[in-house]
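**Q** Quick one: the structure is below, and I'll ask about it shortly.
The values are calculated or read from the model by the stated rules, or taken from the named source; none is laboratory data. All values reported here derive from a predicted model rather than from experimental measurement. Here the Cβ positions follow ideal geometry from the backbone for every residue, glycine too, while neighbour counts run over all protein chains shown. Ligands, DNA and RNA are stripped out before the accessible areas are found, and what is left, the full protein with its side chains, is counted by its heavy atoms. Shrake-Rupley method; radii C 1.70, N 1.55, O 1.52, S 1.80 Å.
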Amino acid sequence: MSRSKQTGGPKSNYTSPKRKEGEGRSTVRYRCGLSNTIQDVLHQRPGWIEVKDDCEWDFNWCDVGWLRENFDHSYLEEHVRICHFRNNYELTRKNLMVKNLKRYRKTLEREAGRLEAAKCDFFPRTFELPNEYHLFVEEFKRSQGSTWIMKPVARSQGKGIFLFRKLKDIMDWKKVARQITVEMNTFVDGTRSDDQREENQVESYVAQRYIENPYLISGRKFDLRVYVLVTSYTPLKAWLYRDGFARFSSTRFSLSSIDDQYVHLTNVAVQKTAPDYDPEKDCKWQLQQLRRYLTAKHGRETVERLFQDIDNIFVRSLLSVQKVIINDKHCFELYGYDILLDQDLKPWLIEVNASPSLTASSQEDYEMKSCLLEDTLHVVDMEGRLTGKEKQVGGFDLMWNDGPVYREIIHFENLGSTSLTANTHLGCNNDRQKQLRYLLKPFPGQKRA
């Protein structure tokens, strides 16, 4: 149960019986602050009951705003789960993500050498503005003619993003930032309230080298949305979902039109505002379709190396924040990773989202996200149906468990010899329904099919 530390919290009508440690719950009371696919999945889950804001709860799917306002003022019993870590922004704010990756890379170089540190070279050259403006200018002058992209560090859905090639293109932004700073330091009576300071703080941006040679399909740019579930940071335990999608721009790629957001931004929130956007066609491929396409064009070995490189991005990025994320046994996090491929099939980490969109853009998208969320709840396991030794739960494969997780491959052509390979299947067949039938005990009150 959860209740306020200060007041002791209101009591609900349901009182859970005493249970032995590790025993599951027949009834789970949940709160949900969103009204999209997750609400449907929670509502349909057997034995789960939605409660009002003033009632005690066992499970809370909240937004990050609610978490920051309420987490430190709540008492959480042993079994309670909540869908964010307290300082998840260490990975999901664009500036902090890069800061942590740079620090991690330096640590690797010092402790393991340059070859190991080179495995972290998967994010573009990035500077935080206004703090690193002078460093950025030096780099900008060394790479004359290159295209850069400006992004607000804490916004999403493509808001506030623009491309530029000349310093004068960001002068308007810099003038506004400077004016706000002057206003913050100019007082009539020498004082200013904290609220006034908050209102006038300069919004931080990152200036990032734009990937000018993206991999194109039918002349259009795309990126990948991939889902990673972390259930613990100490030790690190991370699951990779087999399904995901590629998000395409609606307009053919060209560097001659850097002001056209429909060319360069693949966010669905941006693309659906395009004049020629067709909601029936959608702008997405499932990852299985993309993997088949790439395999047919480049061969199986090349594509397997590509997906191994993508796996490396997930692991290294999580390890980069492992020591700074506040681990809490009550917390888990479903991250949405955005990955871009260039013409050389090199994957680049663009950003990580703490609240990946769960709103469906099509029936196919709704079904995929529903399965993703159902399997997330299976892994979190409020009902206590897992043993804790599973390497696959539905569409999730255990990728890291205080170290890499491997699966055994039997080579029948070599008299049954075996070898180990990473336990990841991104973009491969998702046999979740068959696997779940064998894995999970029935819900309380249900018979096994």
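**Q** Could you count how many residues in the stretch 362-385 are in contact with a Lys or Arg (Cβ under 7 Å, 6 or more places away or on another chain), farther than 17 Å from Cys32 by Cβ and modelled with pLDDT of 95 or more?
**A** Adding up the residues that qualify gives 2.
**Q** Given the criteria modelled with pLDDT of 95 or more, open to solvent by 70 Å² or more (accessible area, probe 1.4 Å) and charged (D, E, K, R), does Asp344 qualify?
**A** Yes: the conditions hold for Asp344.
**Q** Moving on to the next point. Quickly run through the stretch 89-106 and pick out the residues that are open to solvent by less than 60 Å² (accessible area, probe 1.4 Å) and touching a residue at least 60 places away in the same chain (Cβ under 8 Å).
**A** Glu90, Leu91, Thr92, Lys94, Asn95, Met97, Val98, Asn100, Leu101, Tyr104
**Q** Within the bounds of the stretch 282-290, is there any residue that is loosely packed, with under 14 Cβ neighbours inside 10 Å and either in a loop (DSSP other than H, G, I, E, B) or out of contact with any helix residue (DSSP H, G or I) (no Cβ under 9 Å at 6 or more places or on another chain) (or both)?
**A** There is at least one residue in the stretch 282-290 that is loosely packed, with under 14 Cβ neighbours inside 10 Å and either in a loop (DSSP other than H, G, I, E, B) or out of contact with any helix residue (DSSP H, G or I) (no Cβ under 9 Å at 6 or more places or on another chain) (or both).
**Q** Looking at Tyr406 and the list (1) within 26 Å of Lys94 (Cβ to Cβ); (2) among the hydroxyl-bearing types (Ser, Thr, Tyr); (3) at pLDDT 90 or above, which single condition is not satisfied?
**A** So Tyr406 meets the others, but not (1).
**Q** Please go through the stretch 218-231 and give me each residue that is open to solvent by less than 20 Å² (accessible area, probe 1.4 Å), of a type outside the set (Phe, Trp, Tyr) and closer than 24 Å to Lys369 by Cα, ordered by number.
**A** Lys221, Asp223, Leu224, Arg225, Val226, Val228, Leu229, Val230
**Q** A further question follows. If we keep just the residues of the stretch 24-54 that are of a type in the set (D, E, K, R) and surrounded by fewer than 20 Cβ atoms within 10 Å (Cβ to Cβ), which is farthest from Glu78 (Cα to Cα)?
**A** Out of the qualifying residues, it is Asp40.
**Q** Now a separate question. How many of the residues in the stretch 53-77 are without any contact (Cβ under 8 Å) to a residue 60 or more places away in the chain and farther than 22 Å from Ser355 by Cα?
**A** Total meeting the criteria: 3.
**Q** Taking the condition within 21 Å of Thr234 (Cα to Cα) and at pLDDT 95 or above, does His84 pass?
**A** yes
**Q** Within the stretch 60-83, restricting attention to residues that are in contact with a strand residue (DSSP E or B) (Cβ under 6 Å, 6 or more places away or on another chain) and part of a loop (DSSP other than H, G, I, E, B), which residue is surrounded by the most Cβ atoms within 10 Å (Cβ to Cβ)?
**A** Cys83
**Q** If you don't mind, another one. Just a yes or no: is a residue in the stretch 253-268 at pLDDT 70 or above, hydrophobic (A, V, I, L, M, F, W, C), open to solvent by less than 50 Å² (accessible area, probe 1.4 Å) and not in a loop (DSSP other than H, G, I, E, B)?
**A** Within the stretch 253-268 (the criterion being at pLDDT 70 or above, hydrophobic (A, V, I, L, M, F, W, C), open to solvent by less than 50 Å² (accessible area, probe 1.4 Å) and not in a loop (DSSP other than H, G, I, E, B)), the answer is yes, since at least one residue qualifies.
**Q** Looking at Thr376, Thr387 in this structure, which one is surrounded by fewer than 17 Cβ atoms within 10 Å (Cβ to Cβ) and among the hydroxyl-bearing types (Ser, Thr, Tyr)?
**A** From the options Thr376, Thr387, the qualifying one is Thr387.
**Q** Let me ask another. For the stretch 108-156, which residues satisfy the criterion of being among the acidic types (Asp, Glu) and surrounded by fewer than 15 Cβ atoms within 10 Å (Cβ to Cβ)?
**A** Matches in the stretch 108-156: Glu111, Glu116, Asp121, Glu138.
**Q** Quick one: in the stretch 293-312, which of the residues that are assigned to a helix (DSSP H, G or I) and open to solvent by less than 30 Å² (accessible area, probe 1.4 Å) is nearest to Val405 (Cα to Cα)?
**A** Asp311
**Q** In addition: Would you mind telling me which numbered condition in (1) closer than 13 Å to Arg209 by Cα; (2) touching a helix residue (DSSP H, G or I) at 6+ places or on another chain (Cβ under 9 Å); (3) without any contact (Cβ under 8 Å) to a residue 40 or more places away in the chain; (4) not basic (Lys, Arg) Gln144 fails?
**A** Of the numbered conditions (1) closer than 13 Å to Arg209 by Cα; (2) touching a helix residue (DSSP H, G or I) at 6+ places or on another chain (Cβ under 9 Å); (3) without any contact (Cβ under 8 Å) to a residue 40 or more places away in the chain; (4) not basic (Lys, Arg), the odd one out for Gln144 is (2).
**Q** Something else about it: Phe164 - would you say it is open to solvent by less than 60 Å² (accessible area, probe 1.4 Å), more than 21 Å from Tyr337 (Cβ to Cβ) and of a type in the set (A, V, I, L, M, F, W, C)?
**A** yes
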